[in-house]
1. Here are some residues: I33, I76. Which one is of a type in the set (V, I, T), modelled with pLDDT of 95 or more and touching a His at 6+ places or on another chain (Cβ under 6 Å)?
2. Among the residues of segment 134-169, write down those that are open to solvent by 100 Å² or more (accessible area, probe 1.4 Å), touching a helix residue (DSSP H, G or I) at 6+ places or on another chain (Cβ under 8 Å) and either among the hydroxyl-bearing types (S, T, Y) or touching a residue at least 60 places away in the same chain (Cβ under 8 Å) (or both).
3. Any chance you could count how many residues in segment 71-94 are part of a loop (DSSP other than H, G, I, E, B) and either open to solvent by less than 30 Å² (accessible area, probe 1.4 Å) or touching a Phe, Trp or Tyr at 6+ places or on another chain (Cβ under 9 Å) (or both)?
4. Any residue in segment 176-191 that's under 19 Å from V131 (Cα atoms): show its pairings with residues that are in a strand (DSSP E or B) and charged (D, E, K, R) at Cβ separation under 6 Å, as long as the two are six or more apart or on different chains.
5. Does H20 satisfy the criteria of being open to solvent by less than 20 Å² (accessible area, probe 1.4 Å) and not β-branched (V, I, T)?
6. Just to be sure before I move on: is S70 over 16 Å from the mean Cα position of the chain (by Cα), under 20 Å from Y98 (Cβ atoms) and not β-branched (V, I, T) in the structure I sent?
Amino acid sequence: MDAKTIFETVKKHNPSVLGHEQFRKFAVLLPIIEKNNELHVVFEVRSHQLRRQPGEICFPGGKIDPEDPSAKQAAIRETEEELGVKSGQFTEVHPLDYLISPFGMIVYTFAGYLDVTEDELIRNPDEVREVFTVPLSFFLENGPRIHYVHFEAQPEANFPFDLIPGGEEYNWRTRQLEEYFYIYGDKVIWGMTARIVSHFVDVLKK
């Protein structure tokens, strides 16, 4: 293969996240509605029947299916399924930054305005135990609490230390994961959901 062929091939490559084929891909919508003449953010409490993260607070969303034409459409579909929102009630849906989780996930996040009242949100009881809202002003006026989870490298038992400089004394990088928390009344919004809220607020304040 000559240089011209190599760089013609590279020129056609559309860059993405290295190794993205091995990541599970999800789409999430941060929904905004009007309530009591101000904007509110809509949250779900996950059903206790769910296998993953039962009882936790989240946004509507889920795994991107092969049939979904885009991550945006996946986020809209999941919101329709979980909150009973009709397609014509999404008046604005726009991308935020995507998250790359240390646990093998890429999460595509969107913010959207729903032209519905809170009473018109019909939760899917198989997935959603409760729906509640928080005034957007609360997040604009109150930053998150941030705590840290520390991770250390633990190579497997048969790791080939003889192939790397330093061998068993190799100085592995450690990392800490920021966990965000918002406390609103008796509701604890934390983890990825809180991080998405914080990012949304940062976008608004810019």
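1. Exactly one residue qualifies, and that residue is I33.
2. Residues satisfying the conditions do not exist here.
3. 2
4. As it stands, the answer is F181/R145, since those pairs meet every condition given.
5. No; evaluated as a whole, the condition is false for this residue.
6. no
The values are calculated or read from the model by the stated rules, or taken from the named source; none is laboratory data. Predicted model, so just to flag it, every value in this text is computed and none were measured. Heads up, the Cβs are rebuilt from the backbone with ideal geometry, glycines too, and the neighbour counts pull from every protein chain shown. Calculation scope for accessible area: heavy atoms of the full protein, side chains included, ligands and nucleic acids excluded. Shrake-Rupley method; radii C 1.70, N 1.55, O 1.52, S 1.80 Å.
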